[in-house]
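The values are calculated or read from the model by the stated rules, or taken from the named source; none is laboratory data. Quick caveat, the model's predicted, so the values are computed rather than measured. Note that we place each Cβ from the backbone using ideal geometry, even for glycine, and neighbour counts take in every protein chain shown.
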Amino acid sequence: MKPLEDYLIVDFSQFLSGPSASLKLADLGARVIKIEKPGTGDICRHLYTSNVILNGESSVFHAINRNKESFAADIKNDEDKAAIWQLVKKADVVMHNFRPGVMERLGFDYESVKAVNPSVVYGEISGYGNEGPWKDKPGQDLLLQSLSGLTWLSGNAGGPTPMGLSIVDMLAGNHLAQGILACLLRKTISGEGALVQVSMLESALDFQFEAITTYFYDGKLPERSEKNNAHAYLGAPYGIYQTQDGFMALAMGSIPQLGQLLSCDSLLAYTDVGQAFHQRDEIKAILAAHLQTNTTQHWLSILQAADIWCAEVMNWDTLMQQEGFKVLEMIQEVQMTDGFKYRTTRSPIRMDGELFTSVKGSPKLGQDNGNINKEINA
């Protein structure tokens with residue numbers, strides 16, 4: 001039995017941040033009913049982030065909304081609204097990721113829901129919080145990366161570099177799921193409900209806790225290295241380097257020791273630990289040129305034998321052929337109600353050795369209306 005079985009989540013959220021939170025809860029066993037607008041549904045069904053379309057809809061929608069039910073209902077229609085209220089009244093969790101004020105206008109804000117369901121755990125994600133001059137700004141991932149300082153941590157010194165994933169959406173979703181789980185635990189003990197609030201901006205700032213703490217201590221903005229940067233606050237050799245036939249990653253390590261192991265005499269002169277940071281660009285330039293003289297596996301065989309932290313840089317084609325990947329069984333096949341199948345990731349959590357998988361794919365818009373209406377009217 002999965003730990004959240006028999007919990008009901010009514011999810012008004014759409015696109016990425018909120019649905020990523022309800023996906024985490026669904027994978028732990030919760031029943032997630034996704035409230036969608038008739039005709040169009042979740043904006044993520046058709047707002048493509050790639051040119052990959054699965055079964056007529058966005059690949060992102062299928063990835064993030066598997067293992068859920070879809071209830072198509074027009075909140076502005078009295079009959080549909082009454083049906084939604086019946087679900088809300090018996091829900092353990094109600095959640096959304098609309099801008100501040102939207103749920104109040106729709107009539108499903110926390111105070112309204114709490115009035116009919118006093119022990120509800122109500123979760124919401126905003127872009128910038130519910131107060132202040134930014135509260136009505138669009139909570140879009142790239143915009144949050146740009147505002148929060150994240151773009152000055154990746155890439156080599158120079159201009160800002162965004163991350164290649166919707167990282168702030170996913171962080172906010174994880175934080176909401178974490179808060180909801182904590183309040184569900186309290187609810188089982190005391191019967192008390194809660195309002196759980198997460199903003200994407202706060203999630204992005206929390207993600208940088210180490211860097212921001214350092215900033216407050218030394219008063220300096222992060223300074224990325226000009227070459228092979230992988231962390232603004234770490235010195236050489238930390239970074240990714242090209243070899244004769246690919247790329248390899250080097251984590252922290254003694255520069256003279258690397259010089260000895262790699263037979264690179266130019267590195268032997270950097271005996272002062274402080275040089276690894278203050279002269280990191282010239283050290284990285286020497287290392288980068290030297291590593292291109294032989295293959296990735298040649299260097300790895302030397303460094304790994306000496307317990308130096310290093311790794312081959314793999315893409316998905318290479319990674320998925322490795323036994324270290326296969327043994328994790330991280331990929332599962334799911335199936336939609338029309339028989340369409342696709343492969344995707346599973347929950348990364350194990351409990352008592354159990355993998356949390358589900359063969360249930362993403363829902364067609366409104367596919368569960370019949371069964372849910374029967375439950376409501378029973």
Restricting attention to the range 61-96, report how many residues are part of a loop (DSSP other than H, G, I, E, B) and either out of contact with any Gly (no Cβ under 7 Å at 6 or more places or on another chain) or at pLDDT below 95 (or both). 10
Would you confirm whether or not the range 127-134 contains a residue that is in a loop (DSSP other than H, G, I, E, B), modelled with pLDDT of 95 or more, hydroxyl-bearing (S, T, Y) and farther than 30 Å from G29 by Cβ? yes
Please go through (1) in a loop (DSSP other than H, G, I, E, B); (2) buried (at least 16 other Cβ atoms within 10 Å of the Cβ) for L195 and return the number of the only condition it doesn't satisfy. (1)
Of (1) in contact with a Ser or Thr (Cβ under 8 Å, 6 or more places away or on another chain); (2) crowded, with 18+ Cβ neighbours inside 10 Å, Q244 fails just (2)
Say we look at the range 202-247 and pick out the residues that are among the aliphatic types (A, V, I, L, M) and out of contact with any strand residue (DSSP E or B) (no Cβ under 6 Å at 6 or more places or on another chain); which of these is nearest to A172 (Cα to Cα)? A204
Which one is nearest to the chain's Cα centre (by Cα), of the residues in the range 305-322 that are part of a helix (DSSP H, G or I) and within 29 Å of G164 (Cα to Cα)? W316
Taking K227, is it over 20 Å from G123 (Cα atoms) and loosely packed, with under 14 Cβ neighbours inside 10 Å? no
Given (1) within 18 Å of D338 (Cβ to Cβ); (2) in contact with a helix residue (DSSP H, G or I) (Cβ under 7 Å, 6 or more places away or on another chain), index of the condition G41 fails: (2)
Please work out which one of (1) at negative phi; (2) free of Cβ contacts under 8 Å to residues at least 24 places away in the same chain is the condition S263 fails and give its number. (1)
Residues within the range 214-238 that are on the phi > 0 side of the Ramachandran plot and of a type in the set (S, T, N, Q), tallied: 1
Under the condition of being in contact (Cβ under 8 Å) with a residue 60 or more places away in the chain and over 22 Å from P160 (Cα atoms), which residue from the range 232-248 is farthest from the chain's Cα centre (by Cα)? G246
Checking the structure you have, find out if any residue of the range 249-264 is crowded, with 17+ Cβ neighbours inside 10 Å, touching a strand residue (DSSP E or B) at 6+ places or on another chain (Cβ under 6 Å) and farther than 17 Å from E226 by Cα. no
Consider A177 carefully, then state whether it is touching a strand residue (DSSP E or B) at 6+ places or on another chain (Cβ under 7 Å), under 22 Å from A21 (Cβ atoms) and among the hydrophobic types (A, V, I, L, M, F, W, C). no
Can you name the condition, by its number, that K220 falls short on among (1) surrounded by 14 or more Cβ atoms within 10 Å (Cβ to Cβ); (2) under 30 Å from the mean Cα position of the chain (by Cα)? (1)
